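The values are calculated or read from the model by the stated rules, or taken from the named source; none is laboratory data. On a predicted model such as this, the values are computed, not experimentally measured, just so you know. With ideal geometry, Cβ positions are generated from the backbone for all residues, glycine too; neighbour counts draw on all protein chains shown. Keep in mind that these areas ignore ligands, DNA and RNA; they rest on the heavy atoms of the full protein, side chains included. Shrake-Rupley method; radii C 1.70, N 1.55, O 1.52, S 1.80 Å.
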Amino acid sequence: GLPGSDGRGRSIDRQYSAGAAVNCYPLIERKVEEKSASASAPAKINLWLEVLHRRADGFHEVETLMAPISLFDRLHIQIKGDQDNLEVMGEGAPSNDENLVMQALQLARQTRSIPPLAIQLTKNIPSRAGLGGGSSDAAAMLVLLDELFEAPGGRDELKQQAALLGSDVPFFLG
């Protein structure tokens, strides 16, 4: 495999033998501690977008050129309590299982054991504005969960889960 890789495409940062860190998810800035993790989830803009045919899953095929911008939601997760709790600060995002953050958590639980979490989402990206806030939040959740509870399928697993969550989510994984 590549230097800093275990050959499985693991998603956490790696150290080259010279000690330089390799960030597998450069768009999602994060801080990880023993029982908690935080991330900045960036917005994006579509520099070009063409909507193509509708797929069987209800999503549309699209051709697009996207770029991240300097507007961020903040996501903090902590192992805590006896059931999941999502607190959303800001407007326009649901604080229940309809939130893509919670859907990302449920997908991750299909492949590994994750205890109950206290989840705090601070919304700065306007909802339904085409800036990818929910998609970015979901990608950040997948990355943070992988940092705390390693995905057995590595980066490939996260990419598959991201695609199931929505067409913009994989962009934020880089």
(message) Quick check on segment 120-131: of everything there that is aliphatic (A, V, I, L, M) and surrounded by fewer than 22 Cβ atoms within 10 Å (Cβ to Cβ), which residue is farthest from Asn46 (Cα to Cα)?
(response) Ala129
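Results for (1) within 21 Å of Gln103 (Cα to Cα); (2) at pLDDT 90 or above; (3) open to solvent by 40 Å² or more (accessible area, probe 1.4 Å), shown as yes or no for each residue.
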| site | (1), (2), (3) |
| --- | --- |
| Ala20 | no, no, yes |
| Ala37 | yes, yes, no |
| Ala41 | yes, yes, no |
| Ile45 | no, yes, yes |
| Leu49 | no, no, yes |
| Ala56 | yes, yes, yes |
| Leu65 | no, yes, yes |
| Pro68 | no, yes, yes |
| Ile77 | yes, yes, no |
(request) Could you look through segment 80-124, keep only residues that are out of contact with any strand residue (DSSP E or B) (no Cβ under 9 Å at 6 or more places or on another chain) and hydrophobic (A, V, I, L, M, F, W, C), and pick out the one that is farthest from Gly154 (Cα to Cα)? (result) Leu100
(request) Only residues in segment 83-101 that are farther than 21 Å from Gly130 by Cα count as the first member; pair them with residues that are assigned to a loop (DSSP other than H, G, I, E, B) and open to solvent by less than 50 Å² (accessible area, probe 1.4 Å), Cβ under 6 angstrom, at least 6 apart or cross-chain, and list the lot. (result) Gln83/Pro116; Asp84/Pro116
(message) Quick check on Ile125: is it assigned to a loop (DSSP other than H, G, I, E, B) and in contact with a Phe, Trp or Tyr (Cβ under 7 Å, 6 or more places away or on another chain)?
(response) no
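Yes/no matrix, rows are residues, columns are (1) surrounded by fewer than 23 Cβ atoms within 10 Å (Cβ to Cβ); (2) farther than 20 Å from Glu61 by Cβ; (3) in contact with a helix residue (DSSP H, G or I) (Cβ under 6 Å, 6 or more places away or on another chain):
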site	(1), (2), (3)
Arg109	yes, yes, no
Ser113	yes, yes, no
Gly133	no, yes, no
Leu142	no, yes, yes
Glu147	yes, yes, no
Asp156	yes, yes, no
Ala162	no, no, yes
Val169	no, no, yes
